[in-house]
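Beneath this line is the structure, given in structure tokens, with notes to follow.
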Amino acid sequence: MKNNFLNKSVANIYFKPSYNSEVVSQILYGEKFKILLKRKKWIKIKTHYDNYIGYIKNGNFLKNFNPSFKISKIKSRIFLKKGKKFLSSNHHLYYGSGVCIRNENKKYVEFEKNKWIKKIDIKSIDHYEKNYIRIFKSFLNTKYLWGGKTCIGIDCSALIQIYFYYNRIFFPRDTKDQIRFSKQKKIKSLLKGDIIFWKGHVGICISKSRFIHAYGPKKKVIEMSTIQTIKLIDKTANLKVKKVSNISNY
């Protein structure tokens, strides 16, 4: 089937075609997907970036979309133009979302008819973000949300994946797949950039001793001592570290 592109800020991907089903992930504005199956008001999709399969509500999606820019801030407010004034809305585009530019002025760019965002919130689609620590820190205190991929709510594996998604580098969505995909590091001592995996959980070292993760028990993205985190997860969940990789390997 032909490619489609999401034209909403974000949409939940459900395990089954029902709002009562588990939200397993999300898809962001401009993200490419294929329709595998249509079931009344629902469609079964496969995302292009990470081959994720699930159900979203059917809609009039974009058919042709070739983004030249992407959102480089954790979120970018959408503005509506009235006369010469730009009025803020309650809607946003989220980190990593691709956009096409229809029109622009000094401060704003139009990505859809009368939907504008600030120029300072976007970078070229080819921009490579090296400063992963700044990105992960920008998500601190974001609510923990199973299946979430934005600053409104995010889970542990999405927090790691979203950095790769921004840079358009493949990295799986779920922790179990990230473990299989990731390269085991040889050096045993923990270093900055180390991605630590447990069964069903993942986070990243931002220094030799500090660690950031979207941590369910604390209900948010939090920075902790790396050693204390390992001990806490061992004590409360009876889980040992399964694998350690490093972000520089990808």
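The values are calculated or read from the model by the stated rules, or taken from the named source; none is laboratory data. Being a predicted model, the structure only gives us computed values, none of them experimental. Using ideal geometry, Cβ is built from the backbone for each residue, glycine included, and neighbour counts are taken over all protein chains shown. Surface areas here come from the heavy atoms of the whole protein model, side chains and all, with no ligands, DNA or RNA. Shrake-Rupley method; radii C 1.70, N 1.55, O 1.52, S 1.80 Å.
For the reader, a short list of remarks on this structure follows.
- Cα-Cα over 19 Å, subset of Lys85/Lys119; Lys8/Lys70; Lys32/Lys70; Lys137/Lys231; Lys115/Lys220; Lys143/Lys242: Lys137/Lys231; Lys115/Lys220; Lys143/Lys242
- Value of Rg to Rh for the chain (Rh from inverse mean 1/r over Cα pairs, i.e. Kirkwood): 0.99
- Summed residue charge, Cβ within 15 Å of Lys123's Cβ, Lys/Arg positive, Asp/Glu negative: +4
- FRET efficiency for Lys8 and Asn103, using Cβ-Cβ distance with R0 set to 22 Å, rounded to 0.05: 0.55
- Solvent accessible area, Å² - Asp234, 1.4 Å probe, full protein context: 50
- Computed accessible area, Ile53, all protein chains, 1.4 angstrom probe, square angstrom: 80
- Of Glu129, Glu22, the order by accessible heavy-atom surface (1.4 Å probe, DNA, RNA and ligands excluded), from most exposed downward, is Glu22, Glu129.
- The chain: angle of helix 226-237 to the longest principal axis, Cα-based, in degrees nearest 10: 90
- Sites excluded, trypsin sites (Lys or Arg not before Pro) in DSSP loops with at most 10 other C-beta within 10 Å, longest stretch of the chain: 131-185
- Aspartates and glutamates whose Cα lies under 15 Å from that of Lys81, excluding same-chain neighbours fewer than 8 positions away: Glu104, Glu110, Glu112
- Loop-located chymotrypsin sites (Phe, Trp or Tyr not before Pro) in the range 55-130 (DSSP state not H, G, I, E or B) with no more than 10 neighbouring Cβ atoms inside 10 Å: Tyr128.
- Between helix 156-166 and the chain: long-axis angle, C-alpha atoms, 0 to 90°, nearest 10: 50
- Taking the range 163-250 and dividing mean pair separation by its residue count, relative contact order in percent (alpha carbons under 8 Å, at least six apart): 29
- Here the accessible area is traced with a 1.4 Å probe on the protein chains. For the chain, carbon and sulfur cover 52 percent of it.
- Value of relative contact order over the chain, rounded to a whole percent, pairs C-alpha under 8 Å and six or more apart: 13
- Solvent-accessible surface of the chain, averaged per residue with a 1.4 angstrom probe and all protein chains in place: 54 square angstrom.
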